[in-house]
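First comes the structure, then the notes that go with it.
The values are calculated or read from the model by the stated rules, or taken from the named source; none is laboratory data. The structure presented is a predicted model; accordingly, all values stated were derived computationally and were not measured. So basically every Cβ, Gly included, is an ideal-geometry build from the backbone, and we count neighbours across all protein chains shown.
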């Protein structure tokens, strides 16, 4: 890995829900541009000596190239509540994101004579709630595109 002062270093998380970190290289310890680097981290403004691992890459921002726009990392999650009563299971899924008010429900019921395995009811109810939540989110995106383009837009699954 080689870098120069002014380049941007980006560190991807090794977890799906992990945070992506980035910073500006403000000093290279070695003349050939190899690590370690003194980095000013964009999230905190702090400066630290950094030895990059395999999850890091450098975005070269030399004088001849335009800087790449910063990536925006957003965190969305779904809150799921599962309710069981007898042979009935219901699930309520709520998307927690900048898109407000998207929620959905799913349910499952055990047929008479079938074994009582609550986990299966949970799986079915949650899957149905998530499926409906995905459909609702696609509907919101479709409505947003319709507003932007000024014509009806339908997004297929």
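A few remarks follow.
- Hits in the range 41-56 - residues which are loosely packed, with under 14 Cβ neighbours inside 10 Å, under 23 Å from the mean Cα position of the chain (by Cα) and within 15 Å of residue 3 (Cβ to Cβ): 53
- Scanning the range 78-96 turns up no residue that is part of a strand (DSSP E or B), in contact with a strand residue (DSSP E or B) (Cβ under 8 Å, 6 or more places away or on another chain), at pLDDT 80 or above and under 16 Å from residue 26 (Cα atoms).
- When the range 97-123 is filtered for residues that are assigned to a strand (DSSP E or B) and closer than 18 Å to residue 144 by Cα, only 103 remains.
- Output for the range 124-156, where each listed residue is at positive phi and either touching a strand residue (DSSP E or B) at 6+ places or on another chain (Cβ under 7 Å) or assigned to a helix (DSSP H, G or I) (or both): none
Okay, residues lined up against (1) assigned to a loop (DSSP other than H, G, I, E, B); (2) surrounded by fewer than 13 Cβ atoms within 10 Å (Cβ to Cβ):
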position	(1), (2)
3	yes, no
32	yes, yes
35	yes, no
39	no, no
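- Some residue of the range 66-76 being surrounded by 10 or more Cβ atoms within 10 Å (Cβ to Cβ) and over 17 Å from the mean Cα position of the chain (by Cα): yes
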